[in-house]
Amino acid sequence: MAKMHVKMTVNGTQVEALAEPRTLLIHFLREELGITGPHIGCETSHCGACTVDVDGRSVKSCTMFVGQANGASVTTVEGLVNPDGSLGVLQEMFREHHGLQCGFCTPGMITRAHRLLQENPNPSEEEVRFGMSGNLCRCTGYQNIVKAIMAAAAVLRGEKEAAE
Amino acid sequence: MNEITPTPAERAEKLKGLGSSRKRVEDVRFTQGKGNYVDDIKLPGMLFGDFVRSPYAHARVVSIDAEAAKQVPGVVAVLTAADLAPLGLHWMPTLAGDKQMVLADGKVLFQGQEVAFVVATDRYAAADAVELVEVDYEELPVVTDPFKALEPDAPVLREDIADQKEGAHGARRHHNHIFTWEQGDREATEKVLAEADVVAEEMIYYHRTHPCPLETCGCVASMDKVNGKLTVWGTFQAPHAVRTVASLISGIAEHNIRIISPDIGGGFGNKVGVYPGYICSIVASIVTGKPVKWVEDRMENLMATAFARDYWMQGKIAATKDGRITGLWCHVTADHGGFDACADPTKFPAGFFNICTGSYDIPVAWLAVDGVYTNKAPGGVAYRCSFRVTEAAYLIERMIEVLAIKLGIDAAELRRKNFIRKDQFPYRSALGWEYDSGDYHTAWDKALAAVGYEDLRAEQADRVESFRRGETRKLMGVGLTFFTEIVGAGPVKNCDILGLGMFDSCEIRIHPTGSAIARLGTISQGQGHATTFAQILASEIGIPADNITIEEGDTDTAPYGLGTYGSRSTPVAGAATAMAGRKIRAKAQMIAAYLLEVHDDDVEWDVDRFVVKGAPERFKAMAEIAFAAYNQAIPGIEPGLEAVSYYDPPNMTYPFGAYVCVVDVDVDTGQVDIRRFYALDDCGTRINPMIIEGQVHGGLTEALAIAMGQEIAYDELGNVKTGTLMDFFVPTAWETPHYETDWTTTPSPHHPIGAKGVGESPNVGGVPCFSNAVNDAFRAFGHVHAHMPHDHWRVWKIAHDLGLHG
Ligand code: FES
Ligand code: FES
């Protein structure tokens, strides 16, 4: 199959590659770029394990062709660590509040939560639950995920220290 | 000395040992996307495998034409049963003593069955080629109902064994019958039933569902033709058992096989089984000389890898007029699908279903389970469960409710009246188990007080009155459950899988500078072993948990063990860890005594050091002892500080819990709102409260899913109706309630640290609790029992059938 030339910014770095137009963004990220944080849990846009941020919107990357992300700025969970390599606030709060178990949903969860808190920096617990409802977790029962996101929101608003 | 010596309590706190809500060491990797799951593995030259699967539930395979598929650029091979037959690998043994087709051998027995395996240079080419494999099928009559499967003229499903009168578990009485497993005293039980004041009877169906971990199953097989070594990375809950099985069926010597379970994205029983994908990947790697990756998609996962439950349970429970239970009778028709691929210890074809007398002192009981073949997917794994305990707990906890209705006694009171008393432990049940410890009355009273049980019942009665007056269309249900689990399989004397005794193991090496590595035969799938096993060890050997690395899952380095499922890691491998730690300590004691120039018996252990008895200022801390073990020539003591323990538990452990759920049910829409869920768990000694709580939240949410809608449903033709996450219910954060957790602590008397295991309790207790709540909402209108899952339509139907829609 003929390949197309794609160009995008991924976690702040310019990337260019040739890809079949039908390549899904998730496969491009994972297999072409070796960015394996976003996972595949269904390939039918239900589970959210593949969630990435594309130009400021949460996107299920199993449901977007690589061509649709041409020229876009893509952020994955790998891009949410602090510049010094330490965990970002959401990552730290997920650890602090036991918001993960097997960790398979976690990259999608954190990437989605990142966008949710940009959209609504001061969400209620209900708004967090609703805003995260596109991301499935089979391990945690969500309670500690919600707690982690609420805590991260408080830290990002400057109301709480991130440290233990 | 000018420094202030920390107190023993301060030193203990630094260790982050037992009882510490230590943060998980795994999370630093996982939160930044640095986990290493099987699909993240990429080897040079790696090929991708993909299956052609049967669209029919029962059909003869007339022909397979792979020519067009082979023309697709990138396709390397297309394997069919004919290619595997010369190697004897077109069938494989199952964990239940049956055998299963790896690729369709002449016929297919369920929709989604593996028919051919395409291998290509990338996953898109493989998927293209799958579409082009032409399979000619001749449809056969389909049976999806296990009762119909046992009718005399039912179609023969397993032609390969149609004439065999003996199966792996005794006599077969019909061509679709697999086994009958009988426990207890039938005659005595039926006599009690015949003479009882009251007998409550109900058919209770625990529907077919699926563990559906977020990561599907998969593997990467790599045969190195130069050194003759096969390495397989895969989603394996029991890597050592996989190595042994792989060796037995492939003929490759066990030392030339290395099985690695990398990070696993949840298992819940789904990753215990051995699947055709693993075998085909191995064969394909041997044939092509290249590594081969196979990762199933979600639809394949739900359609073809191991399902759970599917038990039709006919229960009868006898009691005196005043509510004393006198006997339990149960017959189960167990739908196993096209092959018997249940994952149970060999001697227990229905797992530990004989724990079905639950938490009650029932003098006599009888139980029989008939396993049946149908045109459904094989499996029958313990979905967040210890070998059919979920089914057993569901049966008894529903039957208690049914009995309470029949007797007109409050269901909480009926339970209290029949609990095994604290002074009866160790307690021998009518169906043969010896419960290790329990204090049910205390837990029950604590739970009922916490939720304000009396007030809830009063509110419920008021609600019924308002409903009758037309003031509300919502009813209120109070769900109760008191469950007893049986976990930690198990004693080698009666528990094995494929002849492998179900012990587990731990090997510890203390490094010269006083840090350590421990390797275990288990494998975490999210339970946080790297965190909690280090805590057990920290308390045993006085080295801070932060200085202990835990490694699992690589058969070349880890000691042999039977893996992680059935809540066995803490009871068995956790015990092995403690025992290995004690061996370290015993040697450390001799070294410390030598260094302190006293007799071995003159030193005693104190948190993280050995002190001279009566002179606590004279001591050797573990770090110092470790260094001495490597740099001093101590007479009569070998250098080094290592230990290994293979632990064969003397008994199972019996965690228990008391759950209460309050629901509001909309009679007109069938919607159920979970208003409150309170869960009290007693898992013995608590290693890490934070992780226990997380396990309870997760297990309850899986219970919520199962009770309220999660189902693998088939139509009459054997089509899977719930093959995607669109139809197969997995609750989101939005549907999931907030949980209140609580505990009591009744240590296991036979476990070295008294721990019992907790991962599965919330699922075992949660399902009956949600279900009881829904059923209870309609009790005032004469309703007794409705089958799960309690989705909106089915709940609406209860109301409708009761005439509540006017
Ligand atoms: S893999 Fe994309 S939503 Fe599930
Ligand atoms: S932590 Fe396992 S799926 Fe969320």
Test: B:Gly553 is within 22 Å of A:Gly103 (Cβ to Cβ) and among the small types (Gly, Ala, Ser): yes
Candidate set from region B:12-44 (those that are part of a loop (DSSP other than H, G, I, E, B) and away from chain A (no Cβ under 14 Å)); member that is least open to solvent (accessible area, probe 1.4 Å): B:Gly17
Conditions (1) under 25 Å from B:Thr94 (Cβ atoms); (2) open to solvent by 50 Å² or more (accessible area, probe 1.4 Å); (3) among the hydrophobic types (A, V, I, L, M, F, W, C); number of the one not met by B:Ile161: (2)
Close pairs from region A:29-56: first under 21 Å from A:Gln118 (Cα atoms) and in a loop (DSSP other than H, G, I, E, B), partner within 16 Å of ligand 2 (Cβ to nearest atom) and among the charged types (D, E, K, R), Cβ under 6 Å, at least 6 apart: A:Cys50/A:Lys60
Selection within region B:24-57 - touching an Asp or Glu at 6+ places or on another chain (Cβ under 7 Å) and either polar (S, T, N, Q) or in contact (Cβ under 8 Å) with a residue 12 or more places away in the chain (or both): B:Gln32, B:Gly35, B:Asn36, B:Tyr37, B:Phe48, B:Phe51, B:Arg53, B:Tyr56
Test: residue in region A:5-19 that is among the acidic types (Asp, Glu), more than 16 Å from ligand 2 (Cβ to nearest atom) and not in a strand (DSSP E or B): no
Test: residue in region B:774-788 that is out of contact with any helix residue (DSSP H, G or I) (no Cβ under 7 Å at 6 or more places or on another chain), more than 14 Å from chain A (Cβ to nearest Cβ) and modelled with pLDDT under 95: no
Hey, B:Val272 open to solvent by 10 Å² or more (accessible area, probe 1.4 Å), closer than 25 Å to B:Asp83 by Cα and not assigned by TED's automatic domain parsing to the domain that holds B:Phe656 or not: no
Residues that are crowded, with 23+ Cβ neighbours inside 10 Å and more than 11 Å from ligand 1 (Cβ to nearest atom), drawn from region A:42-57: A:Asp53
Members of region B:609-639 found to be modelled with pLDDT of 95 or more, assigned to a loop (DSSP other than H, G, I, E, B) and either within 41 Å of the chain's Cα centre (by Cα) or at positive phi (or both), listed by number: none
Candidates A:Val74, A:Val59, A:Val66, filtered to the one that is in the same structural domain as A:Ala17 (by TED's automatic domain parsing) and touching a helix residue (DSSP H, G or I) at 6+ places or on another chain (Cβ under 7 Å): A:Val66
Test: residue in region B:190-206 that is under 30 Å from B:Val52 (Cβ atoms) and open to solvent by less than 10 Å² (accessible area, probe 1.4 Å): no
Unmet requirement for A:Glu96, which otherwise passes all of (1) in the same structural domain as A:Ala153 (by TED's automatic domain parsing); (2) surrounded by 23 or more Cβ atoms within 10 Å (Cβ to Cβ): (2)
Which listed residue, of A:Lys3, A:Lys60, is open to solvent by 40 Å² or more (accessible area, probe 1.4 Å), within 13 Å of chain B (Cβ to nearest Cβ) and modelled with pLDDT under 95: A:Lys3
So B:Gly699, is it modelled with pLDDT of 95 or more and within 14 Å of another protein chain (Cβ to nearest Cβ): yes
Hits in region A:117-156 - residues which are crowded, with 24+ Cβ neighbours inside 10 Å and more than 16 Å from ligand 2 (Cβ to nearest atom): A:Ala152
Residues of region B:45-60 classified as touching a strand residue (DSSP E or B) at 6+ places or on another chain (Cβ under 8 Å), assigned to a loop (DSSP other than H, G, I, E, B) and small (Gly, Ala, Ser), total: 2
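The values are calculated or read from the model by the stated rules, or taken from the named source; none is laboratory data. All values derive from a computational prediction rather than experimental measurement. Because the Cβ atoms are built from the backbone with ideal geometry, glycine has one as well, and the counts that use them run over all protein chains shown. All accessible areas refer to the heavy atoms of the entire protein, side chains included, with ligands and DNA or RNA removed. Shrake-Rupley method; radii C 1.70, N 1.55, O 1.52, S 1.80 Å.
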